[in-house]
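Novice: Mind looking over this structure? Questions follow.
The values are calculated or read from the model by the stated rules, or taken from the named source; none is laboratory data. From a predicted model like this one, the values you see are computed outputs, not experimental measurements. Methodologically, a virtual Cβ is constructed for each residue, glycine included, from the backbone with ideal geometry; neighbour enumeration extends over all protein chains shown.
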Amino acid sequence: MLWATWALRVGGMTAHSMRGPLPSSASNSELKARHRAMWASGDYPSMVETFLLPLGPRLVEACGIAAGMHVLDVAAGTGNASIPAAERGASVTASDLTPELLAAGRSLAEAQGLELEWVEADAENLPFDDESFDVVMSSIGAMFAPHHRDVADELVRVCRRGGTIGLVSWTPEGMLGALFRTMGPFAPPPPPGGQPPPLWGSEEHVHELFGDRVEFRTLQRDVLEITAFERPRDYGEHFKARYGPTIAARANARKTGREAEFDEALNRFCDEWNRGTSDRARFEKEYLLAVGTRQ
């Protein structure tokens, strides 16, 4: 999403400081359309295959998903968590705002002989009945919807009482939070009323969003280690070619004659966050695993 590229542009942003007037119905529809188009650009499915695959199974395991459960994966993308849940015998609905990502996920599931329901849906306004699911989860997906409170309300609404809500989100202090800060000065203006995605990786923000509606049994930070790139700056080239938010920020920089400046900032970022050598890159992306019981 576009807000992924400007998130945390200003140091010290909080959930309270980012709240503002919500967009009108017409402007919100336009925003969602831009969001869909942006995630359909590049090649996000290949990014999942390159280094994001471990996150889905980690979330499924933490949620205790088993055969016979009714599971909703919100902002499921290509099904990185949906497909492992279906492999356990659960009845899985994968929802996402971007139909191209759902199509890619459906193809992956069919290749494995798995049956899932794939539904185009907005995380801020889910088309499901109250208390429809035993487990409602999202792996680095729902965090990118701009209106966090609306998303949290929907996750709670569609989860049955006593059911499980599980989330994996990048943290503000981790590598992805730093990437958003790096790209922020080059990105389009933020949407009205939007909040930075990495706030979902803050324990305080999660508690604020859900309050006493969810009792969290797991709030744990962990690191996704990435060793898929030979040189540090290959990571940046990968993002420029495949990741919608990076593509959008770079395109905006091009319009203002700052494309070279953007590329240099991204190169510095890759060098700074490399934990390997100049010949074999290694990155660590911190995320928050949050799993709780719907009260």
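Novice: Assess whether GLY12 counts as being closer than 26 Å to PRO190 by Cα, at pLDDT 80 or above and assigned to a loop (DSSP other than H, G, I, E, B).
Specialist: No.
Novice: Checking the condition part of a helix (DSSP H, G or I), within 15 Å of GLY184 (Cβ to Cβ), in contact (Cβ under 8 Å) with a residue 60 or more places away in the chain and within 21 Å of the chain's Cα centre (by Cα), which residue from ALA249, ALA265, ALA241 passes? Let's see the steps before the verdict.
Specialist: Details: ALA265 fails: within 21 Å of the chain's Cα centre (by Cα); ALA241 fails: within 15 Å of GLY184 (Cβ to Cβ).
Exactly one residue qualifies, and that residue is ALA249.
Novice: Next question. From the residues in region 106-127 that are part of a strand (DSSP E or B) and of a type in the set (D, E, K, R), which one is surrounded by the most Cβ atoms within 10 Å (Cβ to Cβ)?
Specialist: Of everything passing the filter in region 106-127, ASP122 is surrounded by the most Cβ atoms within 10 Å (Cβ to Cβ).
Novice: Right, here's the next one. GLU100 versus (1) part of a strand (DSSP E or B); (2) within 19 Å of THR50 (Cα to Cα): which is the lone unmet condition?
Specialist: With (1) part of a strand (DSSP E or B); (2) within 19 Å of THR50 (Cα to Cα) applied to GLU100, the lone miss is (1).
Novice: Taking the conditions exactly as written (assigned to a strand (DSSP E or B), among the hydroxyl-bearing types (Ser, Thr, Tyr) and closer than 14 Å to ASP96 by Cα), does SER169 satisfy them or not?
Specialist: The answer is no for SER169.
Novice: Still on this structure: Do you know which residues across region 140-164 are at pLDDT below 95 and of a type in the set (A, V, I, L, M, F, W, C)? Working first, answer last.
Specialist: First pass over region 140-164, keeping only residues at pLDDT below 95: 144-147.
Passing the criteria: PHE144, ALA145.
Novice: So which residues in region 225-251 are of a type in the set (S, T, N, Q) and touching a Leu at 6+ places or on another chain (Cβ under 9 Å)? Spell out the reasoning first.
Specialist: Taking region 225-251 first, the residues of a type in the set (S, T, N, Q) are 227, 246.
Listed by number, the list holds a single entry, THR246.
Novice: Can you tell me which residue among MET69, MET38 is out of contact with any helix residue (DSSP H, G or I) (no Cβ under 6 Å at 6 or more places or on another chain) and surrounded by 15 or more Cβ atoms within 10 Å (Cβ to Cβ)? Reasoning before the result, please.
Specialist: Numbers: MET38 fails: out of contact with any helix residue (DSSP H, G or I) (no Cβ under 6 Å at 6 or more places or on another chain).
The unique qualifying residue is MET69.
Novice: State whether one or more residues within region 168-181 are of a type outside the set (Asp, Glu), buried (at least 24 other Cβ atoms within 10 Å of the Cβ) and over 25 Å from PRO45 (Cα atoms).
Specialist: no
Novice: Still on this structure, I have one more. Tell me the residue from THR164, THR182, THR171 that is β-branched (Val, Ile, Thr) and in contact with a Cys (Cβ under 7 Å, 6 or more places away or on another chain), please.
Specialist: Of the residues listed, the single one that is β-branched (Val, Ile, Thr) and in contact with a Cys (Cβ under 7 Å, 6 or more places away or on another chain) is THR164.
Novice: Then there is this: Is it the case that some residue within region 132-139 is modelled with pLDDT of 95 or more, more than 20 Å from GLY244 (Cβ to Cβ), surrounded by fewer than 24 Cβ atoms within 10 Å (Cβ to Cβ) and of a type in the set (Val, Ile, Thr)?
Specialist: Scanning region 132-139 turns up no residue that is modelled with pLDDT of 95 or more, more than 20 Å from GLY244 (Cβ to Cβ), surrounded by fewer than 24 Cβ atoms within 10 Å (Cβ to Cβ) and of a type in the set (Val, Ile, Thr).
Novice: Any residue in region 212-226 that is among the aromatic types (Phe, Trp, Tyr) and surrounded by 17 or more Cβ atoms within 10 Å (Cβ to Cβ) sitting within a Cβ distance under 7 Å of a residue that is outside any strand (DSSP E or B) and modelled with pLDDT under 95? List the pairs, counting only those 6 or more apart or interchain.
Specialist: Nothing qualifies.
Novice: I've got another one for you. Mind listing whichever residues of region 273-295 are in a helix (DSSP H, G or I) and free of Cβ contacts under 8 Å to residues at least 12 places away in the same chain?
Specialist: Those that are in a helix (DSSP H, G or I) and free of Cβ contacts under 8 Å to residues at least 12 places away in the same chain: none in region 273-295.
Novice: Quick one: is GLU230 in contact (Cβ under 8 Å) with a residue 24 or more places away in the chain, in a loop (DSSP other than H, G, I, E, B) and acidic (Asp, Glu)?
Specialist: yes
Novice: Please indicate, with yes or no, whether at least one residue in region 208-218 is touching a Phe, Trp or Tyr at 6+ places or on another chain (Cβ under 6 Å) and either at pLDDT 95 or above or closer than 26 Å to ASP73 by Cβ (or both).
Specialist: no
Novice: OK, next. From the list PRO185, PRO192, which one is more than 15 Å from GLY292 (Cα to Cα) and not in a helix (DSSP H, G or I)? Show your work before the answer.
Specialist: Values: PRO185 fails: not in a helix (DSSP H, G or I).
Of the residues listed, the single one that is more than 15 Å from GLY292 (Cα to Cα) and not in a helix (DSSP H, G or I) is PRO192.
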